[in-house]
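The values are calculated or read from the model by the stated rules, or taken from the named source; none is laboratory data. Computed from a predicted structure; not experimentally measured. Here the Cβ is made from the backbone with ideal geometry for all residues, glycine too, and neighbour counts use every protein chain on show.
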2 protein chains.
Amino acid sequence: MKLGRLNHVGVATPDLDASIAFYRDVMGASDITEPFVLESQKVRVCFVNTPRDSGALDTRGGTQIELLEPTDPDSAVGKWLARNPMGGQHHICYEVEDIAQAHAWFIAQGKRVLGEPRIGAHGTMIFFVHPKDMNGQLTEIMQRPAGGH
Amino acid sequence: MKLGRLNHVGVATPDLDASIAFYRDVMGASDITEPFVLESQKVRVCFVNTPRDSGALDTRGGTQIELLEPTDPDSAVGKWLARNPMGGQHHICYEVEDIAQAHAWFIAQGKRVLGEPRIGAHGTMIFFVHPKDMNGQLTEIMQRPAGGH
């Protein structure tokens, strides 16, 4: 296992549109993707692109903020928000070169891997590892995309 | 205000050495800085460097993980850990070009800015903004370093 790029920090919110306005108007973000619904995780999602060192905003720019609004209170994010009603940092996501190898690695390390790899918000395979086995951080492992984010 | 580079994600831990071992042995990090004590925040700190898109690990590589172990249970991080004993994501830090301007900006936005700018773990001026005014995220604003991290 080799530490990959920090793809994004997942931030749960009870109101995606209000959060988009916050990142645009308060934080000064100029590049926020169009929200879409990710049915498999019962969330409405968009990404706030942050600049690289150069200040460039390209498709492989800085670590993104992934904003997540549950579409169902019974979803994982919905339940998390019930405990953290104002929202906040929900998970962290690292890229890997080989999702199947990473999945086997975390299982071999005795970590509680939450299900089989499945398609994530960037269209590549992802899985989650339980925060209790990851120093308190719900951790998403994501197949590195071939092209952009 | 213009959204700056996502400098780091602050992760609190009750045991910095165990966390370093976790990032090295489980996550596969190859570049972790030497821990040091930041007296002003009563924490022992180090940074896990994550690769950029190119896989390069240079001084302005990817967003860092800042590991924080309190040196005093009465510190801000110590109190946070008392509520979150296994540790986890504590704050998020964005760079700005002008710390004084950013300080004035957040105050003008009616955000609770936690004190005056002071020297942070990267040796440049920083301040924090209250999570209740920042969508649930304790947010650090940091003067962009002239050179490396």
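List of remarks:
- Residues in segment A:96-105 that are modelled with pLDDT under 95 and either crowded, with 22+ Cβ neighbours inside 10 Å or in contact with a Pro (Cβ under 7 Å, 6 or more places away or on another chain) (or both): A:Val96 alone.
- Residues that are of a type outside the set (Val, Ile, Thr), farther than 15 Å from A:Ala121 by Cβ and away from chain B (no Cβ under 11 Å) are absent from segment A:44-58.
- Scope segment A:117-149; condition under 22 Å from A:Gln89 (Cβ atoms), aliphatic (A, V, I, L, M) and within 14 Å of chain B (Cβ to nearest Cβ); matching residues: A:Val129, A:Met134, A:Leu138, A:Ile141, A:Met142
- Counting only residues that are among the hydrophobic types (A, V, I, L, M, F, W, C), surrounded by 17 or more Cβ atoms within 10 Å (Cβ to Cβ) and within 9 Å of chain A (Cβ to nearest Cβ), segment B:68-95 holds 1 of them.
- Residue in segment B:106-116 that is farthest from the other protein chains (Cβ to nearest Cβ), counting only those that are surrounded by fewer than 18 Cβ atoms within 10 Å (Cβ to Cβ) and assigned to a helix (DSSP H, G or I): B:Ile107
- Failed item, numbered, when A:Ile65 is tested on (1) in contact with a strand residue (DSSP E or B) (Cβ under 7 Å, 6 or more places away or on another chain); (2) under 15 Å from B:Tyr94 (Cα atoms); (3) at pLDDT below 95: (3)
- Residue in segment B:5-22 that is modelled with the lowest pLDDT, counting only those that are facing another protein chain (nearest Cβ under 7 Å) and surrounded by 22 or more Cβ atoms within 10 Å (Cβ to Cβ): B:Arg5
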